[in-house]
1. Can you list the residues of the range 142-171 with backbone N under 16 Å from a point 7 Å past the Cα of Glu124, pointing along Cα to Cβ?
2. Output the relative contact order of the range 94-223, whole-number percent, from Cα pairs under 8 angstrom with separation of 6+ residues.
3. Quick one: putting +1 on the C-beta of Lys and Arg, -1 on the C-beta of Asp and Glu, what dipole do you get for the chain around its Cα centre, in Debye to the nearest 20?
4. Note down the relative contact order for the chain as a percent, whole number, built from C-alpha pairs under 8 angstrom at least six residues apart.
5. So what are the radius of gyration and Dmax for the Cα set of the chain, in Å?
6. Please work out how much length the chain gains when fully extended from Phe33 to Glu17, using 0.36 nm per residue of separation minus the C-alpha to C-alpha distance, in nm with one decimal.
7. Suppose every Lys and Arg Cβ carries +1 and every Asp and Glu Cβ carries -1, with no other charges. What dipole size does the range 106-246 come out with about its Cα centre, to the nearest 20 debye?
8. Identify the GluC sites (Glu not before Pro) of the range 182-241 meeting these criteria: DSSP loop state and at most 11 other C-beta atoms within 10 Å of the C-beta.
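What follows is calculated from the coordinates using simple rules that are stated; it is not laboratory data. Computed from a prediction, not measured in an experiment: that's the story for all the values here. Ideal geometry is used to build each Cβ from the backbone, glycine not excepted, and the neighbour counts take in all protein chains shown.
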Amino acid sequence: MTDPALDSLLASKKVLEHILSRIDIWLLVFGIFVVIGVAGESFFGIRAWWNNRKLHTVLQSIEGLRNLEAAEFNKQAAEASERSAKAEQKAAEATLELEKLRTPRSLTHIPELVITLKVFAGTEYTFSGVCADEESLRLLKEIDALLQQSGWKRTTPPGGFPAINIFGKEIAFAVPVSLGTGVRVSIESSNPTAFQLLTLADMPQYARAAVALGFSLPPNISPPQEKSDKAANVESGTSTAVRIDVGKKP
């Protein structure tokens, strides 16, 4: 004889065992999925880390190439700027030189020059040569007017052919044609070599006057001419007149 209560419990026991066995199966299934998920997460995590490193290397390479391109661009831009600056400088220099060529020479700071040269008033001077162009003739007349204003005395030029009669109809004041360039001052001495060893204080009056003129004229001629190594050249001769050669514009 069966007990209904026991039968009910046994039936419940079977149901629960059945349910638990199915749960165990699902736990096993889900456990497998968890293992697969963890393994997948680890696998793809490692791949993600590895590819991130590769991406970082690629980005660094890209950045390096961009930096090189930027540096090359900046270098080319700097070189282009330098070339442009040099071209502008050369253009400015060419314009200045062209302006010098177009502008006739003239004396500047004449009052100051007169003060300097009046110290040697009475010094004889002559024009030993002049270039046969209007610009040089005009400058010669300016220098002559300066020396006259300073109390210097013009004397007869040395002979020469061809010559240009600058001071009117007086043939005696015809100045020989010069083939030189710039304004040059010179004097004569019977012994040029020994004369050049003299100090300024030991030089005669006419020589000191020539030195003063040779130092004063070049910086006060506009456009300026190149400075000479000597204020006055010493040539062989016996004249005490300061000789001035007005050559072609440099």
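1. Answer for the range 142-171: 152-159.
2. Working: 149 pairs, mean separation 42.2, N = 130.
Reported relative contact order: 32 percent.
3. Working: 27 positive and 28 negative charges, 88 e Å.
It works out to roughly 420 debye.
4. 22
5. 52.5, 178
6. Working it through step by step, the gained length comes to 3.4 nm.
7. 260
8. Details: sites: Glu188, Glu226, Glu235; in loops: Glu226.
Sites meeting the loop and neighbour criteria: Glu226.
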